[in-house]
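The structure under discussion appears below in the form of structure tokens.
The values are calculated or read from the model by the stated rules, or taken from the named source; none is laboratory data. Since this is a predicted model, take the numbers as computed values, not measurements. Every residue, glycine among them, receives a Cβ derived from its backbone with ideal geometry; neighbour counts consider all protein chains shown.
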Amino acid sequence: MCGIVGAVAQRNVSNILITGLKRLEYRGYDSAGVALINDQGLQRVRRQGKVAGLEQAVRETDASGFTGIAHTRWATHGRPSEKNAHPHLSGEELALVHNGIIENFQELREELESEGYQFASDTDTEVVVHLVHRAMAETADLFRALQSVVKRLRGAYALGVIHAREPHRLVAVRSGSPLVVGLGIDENYVASDQLALLPVTNRFVFLGEGDMVDVTLEGVRIFDADGNEVNREVHELDGAHEDAEKGEYRHYMQKEIFEQPAAIQRTLEDRIDSPQSVSDAFGERATAIFDQVRTVQIVACGTSYHAGMVARYWLEALAGIPCQVEVASEFRYRQHVVPEGTLFVTISQSGETADTLAALRDTDSSNYVGRLAICNVDGSSLVRESELVFLTKAGPEIGVASTKAFTTQLTALLMLVMALGRRKGMEDEKIESILNELRQLPNLIEQAASLDKPIEQLSRAFVEKHHTLFLGRGVQFPVAMEGALKLKEISYIHAEAYPAGELKHGPLALVDKDMPVVAVAPNDELLEKLKSNLQEVRARGGELYLFADKNAHVKEGEGIHVLNLPAVPEIIAPIVYTVPLQLLSYHVAVLRGTDVDQPRNLAKSVTVE
């Protein structure tokens, strides 16, 4: 969950590295550092805290170099501090950056200490740089040294290494953590995410699992896990890097909330012209695979897991297809029975989520009719390793708390429901009706987002609170779960979600005047049941905050605060009702003065277990 940037060029690369780190800061912001090689040798600058502090230090020290590596850290081994910040050194000529976790670092550390190596940090990473230093004494070649070292490592890692004796060379390797190569003109780069390099190139090579790359001015050479030189496809991306800037908005999260109509429109474009085009959106092999599907297994983490839970309601109610949804970190560590005809579906914004990716890799493809990835990042590991892919086209999402990735995932999952339902007897007339609802979706999302000001006023009631309860019924229960997650992520208010019908089975004991209760109330068949549940809250003195369909006829009163949403078709209501909950969390966090885009203890891409 750290960010790596590296460059080899004929010019000073310090600005390239710092700019790249800024664009990767969503991956980690405990500390940051840079190591540069110039004619005088190797120079390192590190600072605890965010990249802005490192940027100032680089200016003050006038650090520069034509080859360099940089890193922004999210702490795993060792607390956030300058001594634990990357790059780590061994001697005065060798520097290394690392994303991931080395599981056998303790035994390697003891081995190195017995040989006289001294450790300056508490990290697992430092063992790797000392191992490379030791190997260099035997091979005198940076590439071969790293190649020999990775054979000793257990865990997940992406590594970038430079040595002052080979000043125009950078060697990198990936195993379980993402790494991409950027191709320039007489200069080349590596990074954890292509987003870091978009200011300098739009040509990328996505490294495969176990790949090692030798980066020089002249070009890049890639070797697979067996040491064979290989060619990997070069991808040209057309996304403008301005998408990664805040522009007129105060925070990335705010910007990304308001980008949702456009993101959903991109996700739908050219994919919903007809019932057949919906199936075609999942790829050439989709028809043959979907014809075999009898049940669906969804695996995901966090917000993506909530999207999967919504999809379960849709799949079973609309398509008549049984569906199981499981958190990836649990799924991969238990025995499971795979029913005949199961489609394995993974959901991830980044396509590099460690537990989701591991769950995919642990599956025996012969047990499933196919494996589908719903993902926002083309070229990611999840995309490359799945038979079927649906790209959500949400664009870069920088805020740690996911917004537009979630709503585009829901959009994609509803399309999957139609594609599978058509094979189970769902009539084209019904599919066309849902398609018409999807065509309205961007406009309805925009209408929901237009409630920003009244939601901001509503949010003032939460600023001094310590707990919040979110309620929903049916397909809106996962929406309530997502609302609770957003509030706890960025405002640090403890929040949890329950099905409203479960109030009497425990949560009602928590309700009092100091615990706000938030409920989503679309105009569906469960509305009257929900109203009864909400009366139970009022009878205990709870303060209710309702996001309700304007046609649901929910009236304000003492202790009941209602914000009316536009009339929304029932099927797409979970997508629309997500937006006001996002805005509520955003405004509460702003009023509480928390770091909205980079909340404490969290990072955007969870690439370690």
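Can you tell me which residues in the stretch 243-301 are at pLDDT below 90, under 23 Å from Gln194 (Cα atoms) and in a loop (DSSP other than H, G, I, E, B)?
Scanning the stretch 243-301 gives Glu245, Lys246, Gly247.
Which condition does Ala85 not pass, out of (1) farther than 19 Å from Val45 by Cβ; (2) surrounded by 21 or more Cβ atoms within 10 Å (Cβ to Cβ); (3) not polar (S, T, N, Q), if it passes all the others?
Every listed condition holds for Ala85 apart from (1).
Which numbered condition trips up Gly53, out of (1) assigned to a strand (DSSP E or B); (2) free of Cβ contacts under 8 Å to residues at least 24 places away in the same chain?
(1)
Filtering the stretch 389-434 down to residues that are crowded, with 23+ Cβ neighbours inside 10 Å and among the charged types (D, E, K, R), which residue is farthest from Thr267 (Cα to Cα)?
The residue in question is Glu397.
Pairs under 7 Å by beta carbon, first residue part of a strand (DSSP E or B) in the stretch 58-75, partner surrounded by fewer than 19 Cβ atoms within 10 Å (Cβ to Cβ), six or more apart or different chains?
Thr67/Pro167; Thr67/His168
For the stretch 118-136, enumerate the residues that are farther than 17 Å from Val171 by Cβ and touching a residue at least 40 places away in the same chain (Cβ under 8 Å).
The first filter runs over the stretch 118-136 and keeps only residues farther than 17 Å from Val171 by Cβ, leaving 118-124, 126-127.
Those that are farther than 17 Å from Val171 by Cβ and touching a residue at least 40 places away in the same chain (Cβ under 8 Å): Ser121, Asp122, Thr123, Asp124.
Could you list all residues from the stretch 541-598 that are of a type in the set (A, V, I, L, M), outside any loop (DSSP other than H, G, I, E, B), free of Cβ contacts under 8 Å to residues at least 40 places away in the same chain and over 13 Å from Phe462 (Cα atoms)? Lay out the reasoning, then the answer.
Let us first name the residues in the stretch 541-598 that are of a type in the set (A, V, I, L, M), namely 544, 546, 548, 552, 554, 560, 562-563, 565, 567-568, 571-573, 575-576, 579, 581, 583-584, 588-591, 596.
From what is left, the residues that are outside any loop (DSSP other than H, G, I, E, B) are 544, 546, 548, 560, 562-563, 565, 573, 575-576, 579, 581, 583-584, 588-591.
From the residues that got through so far, the ones that are free of Cβ contacts under 8 Å to residues at least 40 places away in the same chain too are 544, 546, 548, 560, 562.
Hits for the stretch 541-598 are Leu546, Ala548, Ile560, Val562.
Over 25 Å from Met253 (Cα atoms) and modelled with pLDDT of 90 or more: is that true of Pro574 in this structure? Spell out how you get there, then give the answer.
Details: over 25 Å from Met253 (Cα atoms): no; modelled with pLDDT of 90 or more: yes.
When the stated conditions are applied, Pro574 does not pass them.
Can Ala317 be described as part of a helix (DSSP H, G or I) and crowded, with 24+ Cβ neighbours inside 10 Å? Before the answer, list the steps.
Details: part of a helix (DSSP H, G or I): yes; crowded, with 24+ Cβ neighbours inside 10 Å: no.
No, not satisfied.
Condition check ((1) within 16 Å of Thr72 (Cβ to Cβ); (2) surrounded by 18 or more Cβ atoms within 10 Å (Cβ to Cβ)) across all residues:
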site: Pro167; (1), (2): no, no
site: Leu170; (1), (2): no, yes
site: Val173; (1), (2): no, yes
site: Asp186; (1), (2): no, no
site: Val190; (1), (2): yes, yes
site: Leu195; (1), (2): yes, yes
site: Leu198; (1), (2): no, yes
site: Phe206; (1), (2): no, yes
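If only one of Val278, Val213, Val296, Val220 is in contact (Cβ under 8 Å) with a residue 60 or more places away in the chain, surrounded by 16 or more Cβ atoms within 10 Å (Cβ to Cβ) and touching a strand residue (DSSP E or B) at 6+ places or on another chain (Cβ under 9 Å), which one is it? If you could, list the steps in order and put the result at the bottom.
Numbers: Val278 fails: touching a strand residue (DSSP E or B) at 6+ places or on another chain (Cβ under 9 Å); Val213 fails: in contact (Cβ under 8 Å) with a residue 60 or more places away in the chain; Val220 fails: in contact (Cβ under 8 Å) with a residue 60 or more places away in the chain.
The unique qualifying residue is Val296.
How about the stretch 155-165: which of its residues are surrounded by fewer than 21 Cβ atoms within 10 Å (Cβ to Cβ) and at pLDDT 90 or above?
Ala164, Arg165, listed by residue number.
Here are some residues: Glu437, Glu496. Which one is surrounded by fewer than 23 Cβ atoms within 10 Å (Cβ to Cβ) and outside any helix (DSSP H, G or I)?
Numbers: Glu437 fails: outside any helix (DSSP H, G or I).
Just one listed residue meets the conditions, Glu496.
Condition check ((1) in contact (Cβ under 8 Å) with a residue 40 or more places away in the chain; (2) assigned to a loop (DSSP other than H, G, I, E, B); (3) not charged (D, E, K, R)) across all residues:
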| site | (1), (2), (3) |
| --- | --- |
| Pro396 | yes, yes, yes |
| Thr408 | yes, no, yes |
| Gly421 | yes, no, yes |
| Glu432 | yes, no, no |
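Sort out which residues of the stretch 320-330 are part of a helix (DSSP H, G or I) and surrounded by fewer than 23 Cβ atoms within 10 Å (Cβ to Cβ), and write them in order of number.
First, pick out the residues of the stretch 320-330 that are part of a helix (DSSP H, G or I): 328-330.
Within the stretch 320-330, Ser329, Glu330 qualify.
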